[in-house]
Amino acid sequence: MAGMLIAVATTLITHDIANLPEILGAIAIGGGIGWITARRIAMTDMPQLVAAFHSLVGLAAVLVGVAAYLNPEAFGILDANREIMAVSRIEMGLGVAIGAITFSGSVIAFLKLAGKMSGAPILLPMRHAINLGTLAAIVGLTAYFAVLPAQGNEWVFWSILALSFLIGFLLIIPIGGADMPVVVSMLNSYSGWAAAAMGFTLHNSAMIITGALVGSSGAILSYIMCKAMNRSFISVIAGGFGAVAADGAEAKEQRPWKRGSAEDAAYMMQQAESIIIVPGYGMAVAQAQHALREMGDVLKKAGVTVKYAIHPVAGRMPGHMNVLLAEANVPYDEVFELEDINNEFAQADVAFIIGANDVVNPAAKTDKSSPIYGMPVFDVDKAKTVFFIKRSMGGVGYAGVDNDVFYMDQTMMLLADAKKMVEDIVKSLQH
């Protein structure tokens with residue numbers, strides 16, 4: 001926010017503005033829409049809002065590049081022969097390419113996060129050859145655009161733009177739901193580079209610097225998250241390289257499972273010495289974090305050790321669960337990352353899973369055909385008792401994979417709205 005404010009202010013101060021009232025009016029309208037949208041959005045919808053805002057940054061970069069191409073004199077990028085300077089053509093080509101990729105990729109991420117498109121990988125035949133060919137065409141056309149006169153070669157610029165919109169779409173659709181938090185941080189990085197590209201076109205050093213800061217920090221976060229998930233950074237940014245389609249038939253298989261109640265859970269947790277709670281996106285949807293913290297407080301008063309286990313990609317964006325637990329005033333020293341707590345499940349009396357699924361799915365360790373194979377998961381199957389809060393047995397995780405934990409002997413399924421179930425457990429604990 002501060003970086004982009006500095007960039008906009010610097011642009012207004014250092015450039016001759018044709019119609020300042022119109023620009024200030026546009027800023028007021030855009031700022032008002034953003035303010036109202038962000039205030040009204042639910043915390044559970046924050047990831048798709050972030051993706052939507054990233055798409056607008058990409059679109060802004062595209063519009064600046066198109067404006068510079070259509071009216072280069074206004075941008076001061078003409079040489080002595082009244083041609084667009086070669087360096088400006090390179091900046092323009094890269095700017096619209098990065099912006100278009102950011103825009104179309106963010107739109108697909110928004111649709112996946114909002115549930116308007118399947119969270120499972122959508123794999124096209126020969127997708128890697130298509131992606132590499134498209135990227136090579138963009139690079140080749142940008143070089144061609146830089147060395148040849150702009151006059152008579154207008155098709156080159158518009159081809160770069162069209163192919164970039166296409167590759168953004170192609171890169172994101174094969175990425176499964178389990179990797180979506182990485183995609184959000186990756187698109188954050190792209191939006192930064194798009195802003196930096198706008199800075200080059202506008203000759204605005206402040207925008208270049210702030211865009212580069214956003215771009216580099218987003219790339220570093222994406223890399224850290226890929227390492228935490230045992231994913232190849234290149235594979236993810238190359239469009240789910242090596243991903244396999246989820247087998248939806250697996251979830252339809254009828255297998256025996258045990259149903260529990262709030263009273264069952266309350267009684268067994270009162271008898272426990274240690275409980276590890278694993279929150280997921282379902283907890284966020286139900287807004288159950290406050291009830292969960294209350295349950296933890298009651299159990300601690302009864303002498304039970306309570307810890308919270310947070311997976312690197314729990315929720316739909318980085319840090320999603322940490323934010324919700326902090327909002328509910330869960331003590332920070334009770335919250336642990338995967339690598340710090342995973343070996344404690346074998347000694348835990350109860351693993352209490354609320355709204356999580358893929359991050360506790362053993363298929364990630366055993367099934368090489370699974371779209372989540374290789375992702376580190378919590379070893380909840382080693383706990384003496386597992387309580388699994390889920391709305392129904394009909395759905396599968398965001399990655400579209402059934403979970404063997406549902407059917408284990410020590411698992412009790414607590415089928416209900418997460419907040420309602422936890423509130424009922426608290427009532428049972430207090431009686």
So which residue, out of Pro121, Pro256, Pro376, gets the largest mean-square fluctuation from a GNM of the chain using Cα contacts under 10 Å as springs?
-> Pro256
Dipole magnitude of the range 1-153 about its Cα centre (Cβ charges: Lys, Arg +1; Asp, Glu -1), debye to nearest 20 | 660
Highest-fluctuation residue, Ala314, Ala68, Ala194 considered, GNM on the chain with Cα pairs under 10 Å | Ala68
Can you give me the P(r) profile for the range 254-303? Cα pairs, bins 5 angstrom wide beginning at 0, each as a whole percent.
-> 4, 15, 23, 24, 20, 10, 3, 1, 0
Alpha-carbon centroid distance for the pair the range 5-49 / the range 341-358, whole angstrom | 43
Rg/Rh (Cα only; Kirkwood hydrodynamic radius) as it applies to the chain = 1.06
When the Kirkwood radius is taken over all Cα pairs of the range 10-120, what Stokes-Einstein diffusion coefficient follows at 10 °C and 1.306 mPa s, in µm²/s?
-> 97
Between Leu12 and Gln271, the two model label points (7 Å from Cα along the beta-carbon direction) sit apart by a distance in nm of 6.7
Which residue fluctuates the most in the chain, going by a Gaussian network model with Cα springs under 10 Å, if the choices are Ile130, Ile27, Ile167?
-> Ile27
If you place +1 on the Cβ of every Lys and Arg and -1 on the Cβ of every Asp and Glu, how big does the dipole about the Cα centre of the chain come out, in debye to the nearest 20?
-> 460
For the range 251-400, the Kirkwood Rh over every pair of distinct alpha carbons, in Å, works out to 15.8
Pairs of alpha carbons in the range 328-431 whose separation is greater than 23 Å (percent) = 31
In the range 326-431, which trypsin sites (Lys or Arg not before Pro) fall in coil by DSSP and have 12 or fewer other Cβ atoms within 10 Å?
-> Lys368
Cα lying deepest toward the dipole's positive end in the range 1-127, options Val50, Pro121, Val64, charges on Cβ = Pro121
By Kyte-Doolittle mean hydropathy of at least -0.5 and Cα axial length of at least 20 Å, which whole DSSP H helices of the chain are selected?
-> 20-40, 46-70, 86-113, 127-147, 154-172, 180-202, 205-228
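Any read-out appearing in this document is the output of simple, stated calculations on the displayed coordinates, not a laboratory observation. Since this is a predicted model, take the numbers as computed values, not measurements. Don't worry about glycine lacking a Cβ; one is built from the backbone with ideal geometry, like all the others, and counts go over all protein chains shown.
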